[in-house]
Structures are given as structure tokens and as C-alpha cells.
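Scroll down for the structure; my scribbles are underneath it.
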Amino acid sequence: MKKLTIAVDGHSSCGKSTLAKDIAKHFNYKYIDTGAMYRAITLYVLENNLYDGKKINENALRYDLNAGKINIDFRYNPKLKKSETYLNGKNVEKKIRGIEVSDLVSPVAVIPFVREYLVAQQRDMGKEGGLVMDGRDIGTNVFPNADLKIFLTADAEVRAKRRYDELKAKGENVSLNEIIKNIKERDYIDSNRKTNPLIQAEDAVLIDNTNLTMQEQANIAIKLAEEKLNEKK
Ligand code: DC
């Protein structure tokens, strides 16, 4: 049976990865979190002093990328039954979700050579189909011919509250206002950058999950994917 390529794009912290994982699980497809790749590069920038609090040292970052010093991969953790992000062989899954990385990731994701580098890897990972990839530019740039494109959004304050609850549960000491600010800033930077900004692809289906449960959003998306599969038969 033909396998689909499914793109899930949308705003920060609106549940893209939850939705993408649910779809992938239902169809037994691969799931790829492209945000984790931008986050891993951001962690590299922070850990290697390529950011002085104001400016990213782009020359050094370009050099290190070209020299093959930044290797990102995903490895399945059978205990947690999920795949985790590795940076140069080290598990960075937890570190890349913290507020320090979240604060710097959008400026890093603006840099054209960073995007070029990661988009090439993403296309390679998805060349066989049978995958759900989430991000900001998957339907518009990485896989413009994806079989199904979903654009997910939700009210910014609702997104911030969900993120706040998630971080609190993990024991992080954060303030709700700080998160609202971070989310609004990321929305702005992601949507207004020159290279592959976050925009809804013309042929994407919009899902606003402000008032939906995760199960409801998953049901909607799975139904859409099943329709696409039937069209392909
Ligand atoms: O999905 P996320 O919040 O983990 O993504 C982190 C950041 O990475 C986000 O602010 C924008 C950027 N990003 C991007 O520019 N393009 C992608 N395909 C995925 C993420």
C-alpha cells in the first residue's frame, strides 16, 4: 500500500508534535521533529560560546557545520518508547526543551545556512515516504508535494498555559508571563523571517485546537489522512 508523506506545520507550542506522533502511531509511520534539530544546533551554540548574549557568532557556526562538528540524530529509547535527540553522540532531549534554548532557537533558525543544512537532512530522512514531519516550513519548503499538509494553531495564551503546565510538571522553575513573552516572540520571528517563514501553505488544512482535546485533533487529522490514502488507492 502507498505510504503518505504528512506535513504538520504551525505556531510554537500548539501541540504539533503530539498531533504528529499520534498520526505516526496510527499509521505506523516514522515521526520526525524538525524543531528538535534547530534546538540541538542552538544548544551547540550555547555550549560552545558562540553567543555572547547579544549576537550569534555566525562565522564560527558556519565553520563548525561545514567541518562536520555538529551531528544530530534521533535514537529510539525502548524504555520510554520514543525517539530522542542526540547531539554529537550525547542525549540532549531534556536540555533542548529548556527555556535557555527556547529563547535563542528562533534567532538561530533564521540563519539561512542553518536552514539549508537542516532542510537537506530532513529531505533525505523523508525520501522513502511513510512519515509525519512537524515544523514550520515542512509543507511550504521541505516537502512542497506532501500528500497531506496540516497547519495547526491555537490562541497564544492557551498555548502558553499548556507549555507552562508541561514545564512545571518537569520541575522547571518558570513564570507564565515569561512563557507568553517567549511564545509571542517566537511567533513573530518565525512568521517574519526572510528564509522560509511560517505561513500556511495554500493547500494545507487549518486546524485550530484552542477548544479541542488532543484526541479530537488526532481524530480529525487521521480522518484526513485516511481520505488521502483512499484517493491514492
Ligand atoms: O517546534 P519547536 O518549538 O520545537 O521549534 C523550535 C524553533 O525552531 C521554532 O521557534 C522555529 C524553529 N523551527 C523552524 O524554523 N523550522 C522548522 N521546520 C522547525 C522549527
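Computed from the coordinates by the stated procedures, all read-outs in this text should not be read as laboratory data. Remember, predicted model here, so these are calculated numbers, not experimental data. Cβ coordinates were reconstructed from backbone atoms using ideal geometry, including for glycine residues, and neighbour counts include every protein chain displayed.
Subtracting the Cα-Cα distance from 0.36 nm times the residue separation, let me have the gained length for ASN230 to ARG75 in nm, one decimal.
On the way: separation 155, 0.36 × 155 = 55.80 nm, distance 3.20 nm.
Separation in residues times 0.36 nm, less the Cα-Cα distance, equals 52.6 nm.
Rounded to the nearest 5, what % of the DSSP beta bridges within the chain are antiparallel ones? Let's see the in-between values first.
Details: 9 of 27 bridges.
Expressed as a percentage, antiparallel bridges in the chain total about 35.
What Kirkwood hydrodynamic radius, in Å, does the chain give when the mean of 1/r is taken over all pairs of distinct Cα atoms and then inverted?
Details: mean 1/r = 0.0550 Å⁻¹.
Across the chain, the inverse of the average 1/r is 18.2 Å.
Measure off 7 Å from each Cα along the Cα-to-Cβ vector at ASN59 and TYR188, then give the distance between these two points in nanometres to one decimal.
The modelled label-to-label distance comes out at 3.0 nm.
Just need the relative contact order of the chain here, percent rounded to a whole number, with Cα pairs under 8 Å and 6+ apart.
For the chain, the relative contact order is 34 percent.
Which ³J(HN,Hα) values in Hz, rounded to whole numbers, follow from the phi angles of the range 131-140 under the Karplus curve 6.51 cos²θ - 1.76 cosθ + 1.60, where θ = phi - 60° and Gly and Pro get x?
Karplus-based 3J(HN,Hα) across the range 131-140 equals 8, 10, 10, 10, x, 10, 10, 6, x, 8 Hz.
Helix-only mean residue ellipticity at 222 nm, the chain, DSSP H runs n ≥ 4 weighted -39,500 (n - 2.57), per residue, nearest 500. What is it?
On the way: 8 runs with 111 residues, N = 233.
Per the formula, -15500 deg cm²/dmol.
Obtain the radius of gyration and the Kirkwood radius of the range 21-96 from its C-alpha atoms and give Rg over Rh.
Here the Rg-to-Rh quotient is 1.06.
Would you calculate the separation in nanometres between label points at LYS25 and GLU157, each defined as 7 Å from the Cα along the Cα-to-beta-carbon direction?
It works out to 3.1 nm between the two label points.
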